[in-house]
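The values are calculated or read from the model by the stated rules, or taken from the named source; none is laboratory data. On a predicted model such as this, the values are computed, not experimentally measured, just so you know. Because the Cβ atoms are built from the backbone with ideal geometry, glycine has one as well, and the counts that use them run over all protein chains shown. Just so you know, the surface numbers come from the protein's heavy atoms only, side chains and all, with ligands and any DNA or RNA stripped out. Shrake-Rupley method; radii C 1.70, N 1.55, O 1.52, S 1.80 Å.
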Amino acid sequence: MEERIRALREQMEQRLSQVDSKEKLAAFWQDFLGKKGSIADLMKGLGAVAKEDRPAMGKVINEFKAFAEKQYEAMSEKMEQMEMAARNRLEAVDITLPGTKRPLGGLHPLSIVRDEMINVFAGMGFEIFDGPEIEDDDHNFTRLNVPKDHPSRDMQDTFYLDSEWLLRTQTSGGQIRVMDMEKPPIKVLSPGRVFRSDSDATHSPMFHQMEGLVVDRNITLCDLQGMLDKFVKQIFDDSVRTRLRPSYFPFTEPSVEVDVSCFECGGKGCSLCKHTGWIEVLGGGVVHPHVLENCGIDPSVYSGIAFGIGIERITMLKYGINNIGLLFENDLRFLKQFRE
Ligand code: DAH
């Protein structure tokens with residue numbers, strides 16, 4: 001009997017050393033400690049042992065059983081720990097790993113330039129007025145000194161909605177709306193969308209303008225040049241100079257076209273300035289007395305200056321964009337270049 005126990009113990013240790021899973025551990029229990037296991041067999045064999053030896057023998061078997069149980073429990077705990085360690089390894093979070101990067105949006109180049117322009121004029125004390133995109137003929141033309149059948153209506157190809165309403169062709173109608181609401185001193189800036197039936201590399205049926213209007217006593221063309229000089233220096237480059245060229249707009253007299261010295265070649269002549277050294281950037285002038293009168297402002301007391309700037313034009317010049325379509329296609333490869 002003792003011989004059998006010794007052999008079993010060896011067998012048991014051998015089996016234990018091979019246990020590496022819960023299944024093998026369960027099989028170990030069954031083979032040694034289970035109802036039909038080796039230790040139960042030993043117990044059954046007690047009957048064949050001489051009566052006087054039975055108690056001692058029983059004790060030896062019980063000790064062996066206790067030993068086997070202890071071994072089983074130790075192994076069971078070890079398995080538990082191994083499983084826990086494996087699970088921890090699997091579920092571990094490495095907090096030093098970089099997170100998932102989400103692409104950030106950016107401002108559209110037209111918005112960037114519009115905001116920059118507003119900043120420059122806000123610094124000179126201008127307030128913002130937001131005019132309507134659907135405008136009536138009266139504000140868009142008539143009260144701006146462009147009566148019906150006036151030839152200058154041909155300067156802008158208008159989208160008419162009916163005989164009275166249209167999509168504004170210019171932000172200039174905002175001048176009338178502001179002067180109807182407020183009396184001088186007036187200093188407003190009115191950015192917004194405008195519409196014309198026109199489309200090529202430099203024209204889009206929808207584009208953006210920024211209107212400026214200053215009305216007070218003793219306002220002259222010099223104020224216009226001073227303000228626009230400061231504007232182009234801040235938008236393009238400190239070295240840029242302005243030049244006023246006589247022009248015609250029905251709502252200003254005199255009217256001017258404002259050129260800037262070419263910031264590409266410094267005025268020597270290049271393809272950007274078409275070898276003239278100058279680039280046309282905007283229109284403006286002294287508010288026509290008829291326009292002031294149309295808004296109940298006495299032109300013998302007050303005078304004003306006005307200007308209209310194309311935001312696309314400034315954006316294209318500033319960033320060297322040669323096709324206006326790029327500003328409206330929303331191609332991310334184009335737009336990403338303006339992310340700050
Ligand atoms: N509204 C003009 C245009 O769309 C631009 C303009 C010129 C606006 C002269 C003005 C101005 O206020 O005084 O072509």
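Quick look at the values:
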{"item": "Volume of the Cα convex hull of segment 1-118, divided per residue and given in Å³", "result": "142 Å³"}
{"item": "Qualifying trypsin sites (Lys or Arg not before Pro) for segment 1-72 [loop in DSSP, other Cβ within 10 Å: at most 11]", "result": "LYS35, LYS36"}
{"item": "Size of charge dipole - segment 159-199 - debye, nearest 20, with Cβ of Lys, Arg +1 and Asp, Glu -1, no other charges", "result": "220 debye"}
{"item": "Cysteines without a disulfide-compatible neighbour (Cβ-Cβ under 4.7 Å), the chain", "result": "CYS222, CYS295"}
{"item": "Degrees, to the nearest 10: 109-122 long Cα axis against longest axis of the chain", "result": "60 degrees"}
{"item": "Distant alpha-carbon pairs in segment 254-293 (separation over 11 angstrom), percent", "result": "64 percent"}
{"item": "Cross-link partners of LYS59 among aspartates and glutamates (Cα-Cα below 18 Å; sequence separation of 8 or more within a chain)", "result": "GLU2, GLU3, ASP41, GLU69"}
{"item": "Accessible surface of segment 61-146 [probe 1.4 Å, protein heavy atoms]: carbon and sulfur percent", "result": "53 percent"}
{"item": "Alpha-carbon Rg with Dmax, taken over segment 105-255, Å", "result": "16.2, 48"}
{"item": "Equivalent-ellipsoid semi-axes of the chain, from the Cα gyration tensor, Å, largest first", "result": "98, 22, 18"}
{"item": "Accessible-area order (highest first, 1.4 angstrom probe) of the listed residues ARG313, ARG143", "result": "ARG313, ARG143"}
{"item": "Acute angle (nearest 10 degrees) that the helix 221-235 long axis makes with the longest principal axis of the chain, alpha-carbon atoms", "result": "20 degrees"}
{"item": "Reach of LYS148 by Cα under 17 Å, taken over aspartates and glutamates that are not fewer than 8 positions away in the same chain", "result": "GLU135, ASP136, ASP137, ASP138, ASP157, ASP162, GLU164"}
{"item": "Rounded to 10°, Cα long-axis angle of helix 54-91 versus longest principal axis of the chain", "result": "10 degrees"}
{"item": "Stokes-Einstein D (µm²/s) once Rh is taken as the Kirkwood radius of segment 232-340 over alpha-carbon pairs, at 20 °C in 1.002 mPa s", "result": "133 µm²/s"}
{"item": "Largest-first principal axis extents of the Cα set of segment 39-107 (Å)", "result": "100, 17, 8"}
{"item": "Charge-dipole axis of the chain as Lys and Arg at +1 and Asp and Glu at -1 on Cβ define it, positive-most pick from ALA85, MET227, SER197", "result": "ALA85"}
{"item": "Relative contact order computed over segment 2-91 (Cα-Cα under 8 Å; 6+ residues apart), in percent", "result": "30 percent"}
{"item": "Residue-normalised accessible area of the chain, expressed per residue, 1.4 Å probe, Å²", "result": "57 Å²"}
{"item": "Segment 287-293 - phi-based ³J(HN,Hα) in whole Hz, Karplus 6.51/-1.76/1.60, Gly and Pro as x", "result": "4, 5, x, 4, 5, 4, 4"}
{"item": "Cα gyration tensor category, rounded, prolate or oblate, for segment 101-172 with a/c compared to 1.5", "result": "prolate"}
{"item": "Helix-derived mean residue ellipticity, 222 nm - over the chain, DSSP H n ≥ 4, -39500 (n - 2.57), to 500", "result": "-12000 deg cm²/dmol"}
{"item": "Ratio Rg/Rh, restricted to segment 201-262 and using Cα atoms, in which Rh is the Kirkwood radius", "result": "0.99"}
{"item": "Set of lysines with alpha-carbon distance to LYS22 below 24 Å, sequence-local pairs under 8 removed", "result": "LYS35, LYS36, LYS65, LYS70, LYS78"}
{"item": "Rg in Å to one decimal, and Dmax rounded to a whole Å, for segment 44-175 via C-alpha atoms", "result": "46.9, 138"}
{"item": "Only Lys, Arg (+1) and Asp, Glu (-1) charged, at Cβ; the chain dipole about Cα centre in debye", "result": "2000 debye"}
